[in-house]
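Worksheet: the structure to be examined is printed underneath.
The values are calculated or read from the model by the stated rules, or taken from the named source; none is laboratory data. Being a predicted model, the structure only gives us computed values, none of them experimental. Counting neighbours? That spans all protein chains shown, and the Cβs are built from the backbone with ideal geometry, glycine included.
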Amino acid sequence: MDSIWTMTADISRREPLLEDITTDTVVIGGGMAGILIAYFLEKKGIPTVVLEASRIGSGQTKNTTAKITLQHGPIYHKLIGEIGEKNAKLYAEANRLAIAQFRSLVEEKRIDCEFRECSAYLYSCEHTDTLKKEEEAAVSLGICAELTDKTELPFPVKSALKFYDQAVFHPLLFLERISENITVYEDTKVLQVERAEEENKIITNRATVRAKRVVFAAHYPFINVPGYYFLRLHQERSYVVALKNTKQMDHVYIGIDMEGFSFRKSGDYLLLGGGGHRTGENTGGGSYQKLRKAAEKWFPECKEITHFSAQDCMPLDDIPYIGQFSSSTPDWFVATGFRKWGMTSSMVSAMLLSDLIAKGQSPYEELFTPQRFHVQASAANLAQDGAQSVKGLSKGVFTATPKCTHMGCALEWNPDELSWDCPCHGSRFDGDGKVIDNPAIEDLANE
Ligand SMILES: Cc1cc2nc3c(=O)[nH]c(=O)nc-3n(C[C@H](O)[C@H](O)[C@H](O)COP(=O)(O)OP(=O)(O)OC[C@H]3O[C@@H](n4cnc5c(N)ncnc54)[C@H](O)[C@@H]3O)c2cc1C
Ligand code: FES
């Protein structure tokens with residue numbers, strides 16, 4: 001199914017890699033993160049090549065809802081408690097700067113990508129406490145936010161927290177322009193990266209690239225060792241229906257209750273999102289149905305234009321992993337774990353990694369470093385992720401269901417997307433066994 005963005009943009013095709021080449025830096029993955037990182041590196045004078053397994057923007061980025069916001073759910077109260085006020089402020093500052101970078105790039109390059117300023121609201125129909133605490137936290141960090149009970153939503157709320165000066169855009173129209181002068185090889189899938197003293201050998205399904213540095217921006221880092229990202233990232237999926245003939249809303253909304261929905265206008269359409277679950281845990285299906293039922297209740301005249309879904313990587317402590325890939329690989333870098341907030345997180349990745357590579361330092365490197373371990377923030381999620389992986393792996397050993405080619409977990413059928421999804425780290429395969437989403441690289445074997 002086309003997303004609202006693929007229906008209205010068509011990024012021109014790039015050639016695959018046809019011969020061995022040498023460059024300074026290779027970025028693996030041509031999504032929002034990879035393209036922005038490459039753009040910033042080139043701007044800082046670092047010759048860069050992007051290797052993309054499919055097409056630019058064809059991963060999760062084509063199915064995002066594309067809100068450009070530092071409001072990442074109710075995060076600031078939690079961050080202050082877990083990493084302290086100074087670091088929480090740095091998180092807000094990095095994301096505020098990311099919004100400003102989008103704004104100035106769009107203006108400076110006159111990018112026609114439906115960029116629009118708006119406010120972003122968190123809302124609850126059940127509680128006021130969480131949002132009250134979040135407001136106090138946000139304001140203490142210098143974020144312009146206020147509590148209200150007035151919204152454009154089609155139902156009453158108990159409370160809403162409005163963040164000013166946020167934005168939305170069309171992610172593929174933006175990527176099309178920003179990637180114009182970047183060297184991208186499409187249909188070029190990286191299979192392995194071999195590291196030697198002076199250079200890296202990036203082996204693809206077509207030819208080999210030699211480079212001083214490698215940036216993994218392939219959504220989920222698919223190299224297991226070093227890095228061990230499979231121990232600290234799982235994926236969560238959610239669903240969107242695009243509707244016409246609804247009440248329109250100028251601002252964007254996301255619910256914090258169990259059955260919270262997200263609302264965001266795009267042109268004449270309204271994107272209604274929700275139904276999130278851990279990837280591989282949707283055997284009962286019905287995620288789109290839930291959205292359609294809600295849409296019918298609130299907007300009886302509405303008509304569905306399209307529906308689509310995506311997933312994102314969830315880090316243990318709710319902070320993306322952006323920085324050096326592992327302590328033993330000083331010339332490998334990574335950008336992942338965006339927790340469904342990958343627009344600003346991709347921009348933060350581009351700012352941070354381009355500074356790290358070009359200047360050897362970034363004001364944000366300690367906060368986002370993948371080498372951190374915040375015990376309080378990570379322990380509960382680490383235990384839960386570990387338990388899920390053990391469950392998936394033992395099922396893989398004892399049952400006859402298809403097994404994931406990443407690390408052998410038993411796959412679960414997702415009737416909403418007609419795909420085999422892995423509950424361990426979120427790889428997905430289509431009905432013919434072809435990989436749709438990584439970290440798996442290989443298709444399922446035909447038996
Ligand atoms: C339903 C939903 C709504 C969302 N809405 C928002 C929102 O409103 N605002 C927001 O900020 N964030 C949002 N997000 C999150 C955001 O969409 C993602 O974080 C972001 O798109 C991720 O970008 P990426 O570049 O990291 O990954 P991707 O877009 O997946 O790009 C990775 C690329 O790497 C390529 N690749 C993979 N493996 C290889 C390989 N071996 N070799 C070469 N290439 C490879 C893939 O083909 C892909 O193109 C949402 C997420 C979901 C699930
Ligand atoms: S994604 Fe890791 S085992 Fe399936």
Would you mind telling me which numbered condition in (1) more than 11 Å from ligand 2 (Cβ to nearest atom); (2) modelled with pLDDT of 75 or more; (3) among the β-branched types (V, I, T) V390 fails?
-> (2)
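Residue by residue through the range 18-31, note down the ones that are surrounded by fewer than 24 Cβ atoms within 10 Å (Cβ to Cβ) and outside any strand (DSSP E or B). Full working, then the answer.
Our first condition is that a residue be surrounded by fewer than 24 Cβ atoms within 10 Å (Cβ to Cβ); within the range 18-31, this holds for 18-24.
Of everything in the range 18-31, those that are surrounded by fewer than 24 Cβ atoms within 10 Å (Cβ to Cβ) and outside any strand (DSSP E or B) turn out to be L18, E19, D20.
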Tally of residues being over 12 Å from G255 (Cα atoms) and buried (at least 21 other Cβ atoms within 10 Å of the Cβ) across the range 146-161 | 0
Answer with yes or no whether V50 is outside any loop (DSSP other than H, G, I, E, B), touching a helix residue (DSSP H, G or I) at 6+ places or on another chain (Cβ under 6 Å), of a type in the set (A, V, I, L, M, F, W, C) and at negative phi.
-> yes
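Based on what the data block shows, is T344 within 30 Å of A100 (Cβ to Cβ), under 17 Å from the mean Cα position of the chain (by Cα), at pLDDT 95 or above and within 16 Å of ligand 2 (Cβ to nearest atom)? Walk me through it before giving the result.
Details: within 30 Å of A100 (Cβ to Cβ): yes; under 17 Å from the mean Cα position of the chain (by Cα): yes; at pLDDT 95 or above: yes; within 16 Å of ligand 2 (Cβ to nearest atom): no.
Against the criterion (within 30 Å of A100 (Cβ to Cβ), under 17 Å from the mean Cα position of the chain (by Cα), at pLDDT 95 or above and within 16 Å of ligand 2 (Cβ to nearest atom)), T344 does not qualify.
So, S419, is that one within 16 Å of ligand 2 (Cβ to nearest atom), in contact with a Phe, Trp or Tyr (Cβ under 8 Å, 6 or more places away or on another chain) and at pLDDT 95 or above or not?
Values: within 16 Å of ligand 2 (Cβ to nearest atom): yes; in contact with a Phe, Trp or Tyr (Cβ under 8 Å, 6 or more places away or on another chain): yes; at pLDDT 95 or above: yes.
Taking the combined requirement at face value, the residue satisfies it.
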Restricting attention to the range 129-142, does a residue exist that is in a strand (DSSP E or B) and modelled with pLDDT of 95 or more?
-> no
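In the range 58-77, what count of residues is obtained for those that are closer than 14 Å to T130 by Cβ and either of a type in the set (F, W, Y) or surrounded by 24 or more Cβ atoms within 10 Å (Cβ to Cβ) (or both)? Even if it seems obvious, please write down each step before you answer.
Step one: list which residues in the range 58-77 are closer than 14 Å to T130 by Cβ, which gives 71, 73-77.
If we keep only those that are either of a type in the set (F, W, Y) or surrounded by 24 or more Cβ atoms within 10 Å (Cβ to Cβ) (or both) as well, we get 71, 76.
Here the count works out to 2.
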Flagged pairs (Cβ under 7 angstrom, 6 or more apart or on separate chains; first in the range 416-433, under 20 Å from F308 (Cβ atoms); second among the charged types (D, E, K, R) and more than 16 Å from ligand 1 (Cβ to nearest atom)) are D421/E412
Inside the range 318-332, can you point out the residues that are under 17 Å from the mean Cα position of the chain (by Cα) and buried (at least 22 other Cβ atoms within 10 Å of the Cβ)?
-> I319, P320, Y321, I322, G323
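Using the structure shown, decide if L122 is surrounded by 15 or more Cβ atoms within 10 Å (Cβ to Cβ), part of a strand (DSSP E or B) and of a type outside the set (D, E, K, R). Full working, then the answer.
Values: surrounded by 15 or more Cβ atoms within 10 Å (Cβ to Cβ): yes; part of a strand (DSSP E or B): yes; of a type outside the set (D, E, K, R): yes.
Yes.
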List, please: which pairs have Cβ atoms under 7 Å, are six or more places apart or on different chains, and start with a residue in the range 381-405 that is among the basic types (K, R) and end with one that is at pLDDT below 75 and within 11 Å of ligand 2 (Cβ to nearest atom)?
-> K403/G396
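So, in the range 169-190, exactly how many residues are touching a residue at least 40 places away in the same chain (Cβ under 8 Å), part of a loop (DSSP other than H, G, I, E, B) and more than 16 Å from G59 (Cβ to Cβ)? Steps first, answer last, please.
If we filter the range 169-190 for residues that are touching a residue at least 40 places away in the same chain (Cβ under 8 Å), which is where we start, we get 169-179, 181-190.
Adding the requirement that they be part of a loop (DSSP other than H, G, I, E, B) leaves 169-170, 179, 181-182, 186-189.
In the following step, the residues that additionally are more than 16 Å from G59 (Cβ to Cβ) were identified as 169-170, 181-182.
Of the residues in that region, 4 qualify.
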Output for the range 236-256, where each listed residue is closer than 30 Å to P370 by Cα and outside any strand (DSSP E or B) = I256
How do the pairs read when you match residues in the range 326-352 that are over 19 Å from N224 (Cα atoms) with residues anywhere that are basic (K, R) and part of a loop (DSSP other than H, G, I, E, B), using Cβ under 8 Å and keeping only pairs 6 or more apart or on different chains?
-> S345/R339
Scope the range 408-420; condition in a loop (DSSP other than H, G, I, E, B) and away from ligand 1 (no atom under 16 Å from the Cβ); matching residues | G408, C409, L411, P415, L418
Report yes if some residue within the range 215-235 is surrounded by fewer than 23 Cβ atoms within 10 Å (Cβ to Cβ), part of a strand (DSSP E or B), modelled with pLDDT of 95 or more and not aliphatic (A, V, I, L, M); otherwise report no.
-> no
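Looking at G57, G34, which one is in a loop (DSSP other than H, G, I, E, B), in contact (Cβ under 8 Å) with a residue 40 or more places away in the chain and either within 13 Å of ligand 1 (Cβ to nearest atom) or in contact with a Ser or Thr (Cβ under 7 Å, 6 or more places away or on another chain) (or both)?
Numbers: G34 fails: in a loop (DSSP other than H, G, I, E, B).
Just one listed residue meets the conditions, G57.
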Return a yes/no flag: does the range 294-301 have any residue that is crowded, with 22+ Cβ neighbours inside 10 Å and modelled with pLDDT of 95 or more.
-> no
